Amino acid sequence: MVVTAVDIYKKLPQTNCGRCGSPSCFVFATRVALRQEVIEKCVSLSGDELKELNALVSEIKTLTTGTGSNAYAQAAEEIKNRIKDIDFKESANGLGAEHLKEDDKEYLHLAFLNHNYRVSKTGDVVGDDGKPPSAWARIFLIIYINAGGKGSLKNEWISFGDLPNTFAKQKSFKDNSENVLIKNFAGKKEELREACSLLGGADAATEFKSDLAYKFSVLPKIPFLLLFWDENKEEEFPARVKILMDKTVLNFIDIESLVFLAERLAKELCEAKGIMVNTV
Ligand code: SF4
């Protein structure tokens with residue numbers, strides 16, 4: 001398997017602390033992959049982690065030569081070949097996708113948030129509206145297809161911390177997604193409601209007791225449930241956010257990519273309301 005920036009990113013602490021001089025762990029991973037940075041600049045790594053990452057970096061053979069100004073576009077290009085050997089026909093059902101064959105070319109047709117995309121075996125992605133998705137959406141479509149998930153959803157919502165083997169990533173998950181939403185939407189319930197609608201969230205207020213409840217079909221077998229309780233200044237209650245997922249989620253995505261997916265969803269919600277979050 002060709003090692004890419006995404007593989008380096010998954011081994012980083014994913015805290016986005018910025019102490020390496022990059023605005024996020026993802027940008028740092030891309031710079032390392034491009035040999036614009038050295039892995040030792042991440043101050044949070046132990047000796048063993050550094051050793052493991054150095055071994056990974058040394059396996060990077062094909063370096064792309066772009067400017068590196070857009071870390072997501074760079075990484076999307078790097079991982080697109082990863083699905084070329086996957087049997088699309090066999091995988092489609094497990095992924096909740098449709099298998100298409102046209103002019104001897106195969107595609108998987110599947111939804112990402114509120115858009116439908118067609119993914120070719122060469123990792124090229126185009127929307128039903130003829131437009132390409134954002135680079136980060138391309139990354140997740142490839143990661144999702146490559147994971148080759150199977151099985152049905154349990155329709156049982158659980159928190160990230162309830163998933164097995166997530167202890168080391170719980171702080172990153174909270175800081176990069178739930179806390180980002182608290183910081184930007186506390187006292188702004190209606191703005192968050194609008195952002196959820198803009199991203200295709202389905203209002204689930206009748207099912208839950210929170211101030212806001214929205215379900216997102218992020219990928220066909222990866223739904224997220226966003227619960228929001230707004231602050232009450234008089235009673236000194238701070239705002240709270242929970243992002244829940246189906247109990248089966250790890251059948252369809254790895255833990256590190258799940259942290260990244262929740263982080264991106266939080267940023268997209270902020271950006272839908274014109275709020276720029278200071279990681280790339
Ligand atoms: S790569 Fe390391 S130093 Fe840089 S933001 Fe991530 S955790 Fe912090």
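Rule-based calculations on the coordinates, nothing more; no lab input. Quick caveat, the model's predicted, so the values are computed rather than measured. With ideal geometry, Cβ positions are generated from the backbone for all residues, glycine too; neighbour counts draw on all protein chains shown.
Before moving on, here are some points about what is shown:
- Extending 7 Å from Cα along the Cβ direction at S134 and again at C17 yields two label points whose distance is 2.7 nm.
- Of the trypsin sites (Lys or Arg not before Pro) found in the stretch 203-237, those in coil by DSSP whose Cβ has at most 13 other Cβ atoms within 10 Å are K209, K233.
- Cα-Cα over 18 Å, subset of K89/K150; K11/K247; K154/K215; K84/K221; K121/K267: K11/K247; K84/K221; K121/K267
- In plain terms, if you count all Cα to Cα distances in the chain and split them into 5 Å steps from zero, the share in each step is 1, 5, 12, 16, 18, 17, 14, 9, 5, 2, 1, 0, 0 percent.
- Among the helices of the chain, none built from whole DSSP H runs has Cα atoms reaching 24 Å or more along its own axis together with a mean Kyte-Doolittle hydropathy of at least 1.0.
- Two-site FRET efficiency, K105 against V2, from Cβ-Cβ distance with R₀ of 22 Å, rounded to 0.05: 0.50
- P(r), alpha carbons of the stretch 1-46 - 5 Å bins starting at zero, rounded %: 5, 26, 38, 23, 5, 2, 0
- Zone residues, the stretch 1-29, relative to S58, backbone N less than 17 Å from point 7 Å out along Cα-to-Cβ: 3-4, 8
- Charged-residue dipole, Cβ positions (Lys, Arg, Asp, Glu), the chain about Cα centre, Debye nearest 20: 400
- Efficiency of FRET between E236 and L198 - r from beta-carbon atoms, R0 25 angstrom, step 0.05: 0.20
- Spin-label zone in the stretch 240-280 - amide nitrogen under 19 Å from a point set 7 Å from the Cα of K188 along the C-beta vector: 240-243, 263-280
- Per-residue extension of 0.36 nm, minus the Cα-Cα distance of D85 and N116, leaves a gain of 8.9 nm for this segment.
- Overall form of the stretch 5-80 per C-alpha gyration tensor (a/c, 1.5; a/b vs b/c): oblate
- Length-normalised contact order of the chain in % [C-alpha pairs under 8 Å, at least 6 apart]: 18
- Ordering A272, V2, S159 by the projection of their Cα atoms onto the charge dipole of the chain, which places +1 on the Cβ of Lys and Arg and -1 on the Cβ of Asp and Glu, puts V2 at the extreme positive end.
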